[in-house]
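*Asks:* Have a look at this one before I ask anything.
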2 protein chains.
Amino acid sequence: MNISQAAKMSGLPTKTVRYYADINLVQSQGRSKAGYRTYSETEVRKLIFVRRAREFDFTIEECRELLSLFEDRDRSSADVKNLATKRLKQIEKKQHELQSLHDELAHLVQACRGDHRPDCPIIDYFG
Amino acid sequence: MNISQAAKMSGLPTKTVRYYADINLVQSQGRSKAGYRTYSETEVRKLIFVRRAREFDFTIEECRELLSLFEDRDRSSADVKNLATKRLKQIEKKQHELQSLHDELAHLVQACRGDHRPDCPIIDYFG
DNA sequence: TGTTGACCTTCCCGTTAGTGGAAACATTAA
DNA sequence: TTAATGTTTCCACTAACGGGAAGGTCAACA
């Protein structure tokens, strides 16, 4: 199948599929006589795999690593679990950061009267 | 004072201070005869203001907006509160996203034995 | 057969918010 | 005088694509 068909089946934009081929993340099966990229279900499966991993905010490099585990019939599940656990820790760290951000800002917003007068604890805090 | 002094006082890297001048976010007070940027406490205050706002993940454009409110003695606190509230909503949205991400991934990690065998629900889920 | 329209290719530029480095000029201390 | 910083501009790079141009290909329809 052509690239747009593979894109549709994988749920990715065509541009992205081409990009993944360019950076050697998911290569096309081959090329047609005219130079069109051709895709089979194997590549589509990999594209879907990458899309799902990206939805979990795995970076492209992490996707590359996961993909090699995915393709390796002899990988151990421990390797995969390690990667996923690492990602989980990153997410939890980000959650904590976001939480303090939220609390501080919420406190400032709550303290601000929000009327026509220029007095504003938010500006005061910043400035 | 010179740029590195302003950088130190504002808590920003010199490169960033120069960048903010380039994009017209915080201009230097002027230039010395040799062409060095000069800074006064006024600019340092603005730099600190921007640094704090950036720590709250306000974008540069939002900083620009906030800065104009900051510089406008006649602004109403309502304008500032609106901006901050918008940002707060964004943060809360991001928190929800991160939460479902976390829960799904945690579930997968928990379900994975993580031993030497290749069976892995994480890979199964992705692939 | 011609041609229209949809699809494909490569290439380059833009995004965010800077960071890193190079070449050249300025200032300061020994 | 020389060496070590400090500063300038400019250019390239980051992540992960998206937009659009210029040109080649393919299928359908009159």
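*Asks:* Mind checking which residues of the range B:49-73 are in contact with a Phe, Trp or Tyr (Cβ under 8 Å, 6 or more places away or on another chain), at the interface with chain A (Cβ under 9 Å from one of its Cβ atoms) and touching a residue at least 12 places away in the same chain (Cβ under 8 Å)?
*Replies:* B:PHE49, B:VAL50, B:ALA53, B:LEU66, B:PHE70
*Asks:* List the helices (runs of 4 or more DSSP H) that sit entirely inside the range A:40-127 and contain at least 1 residues that are under 23 Å from A:LEU12 (Cα atoms) and acidic (Asp, Glu).
*Replies:* Filter on the range A:40-127 gives A:41-55, A:60-71.
*Asks:* Oh, and also: Step by step: first the residues of the range A:1-47, then only those that are among the aliphatic types (A, V, I, L, M) and within 12 Å of DNA strand C (Cβ to nearest atom), then the one that is nearest to the other protein chains (Cβ to nearest Cβ). Which residue is that?
*Replies:* A:MET9
*Asks:* Of everything in the range A:74-91 that's polar (S, T, N, Q) and more than 7 Å from every other protein chain (Cβ to nearest Cβ), which residue is nearest to A:PHE56 (Cα to Cα)?
*Replies:* Within the range A:74-91, the match that is nearest to A:PHE56 (Cα to Cα) is A:GLN90.
*Asks:* Which residues, taken from the range A:70-108, are of a type in the set (Lys, Arg), loosely packed, with under 13 Cβ neighbours inside 10 Å and either in contact with a Pro (Cβ under 8 Å, 6 or more places away or on another chain) or under 16 Å from A:PHE49 (Cβ atoms) (or both)?
*Replies:* Residue satisfying the conditions is A:ARG73 alone.
Every read-out reported here was derived from the displayed coordinates using simple, explicitly stated rules and does not represent laboratory data. On a predicted model such as this, the values are computed, not experimentally measured, just so you know. Here the Cβ is made from the backbone with ideal geometry for all residues, glycine too, and neighbour counts use every protein chain on show.
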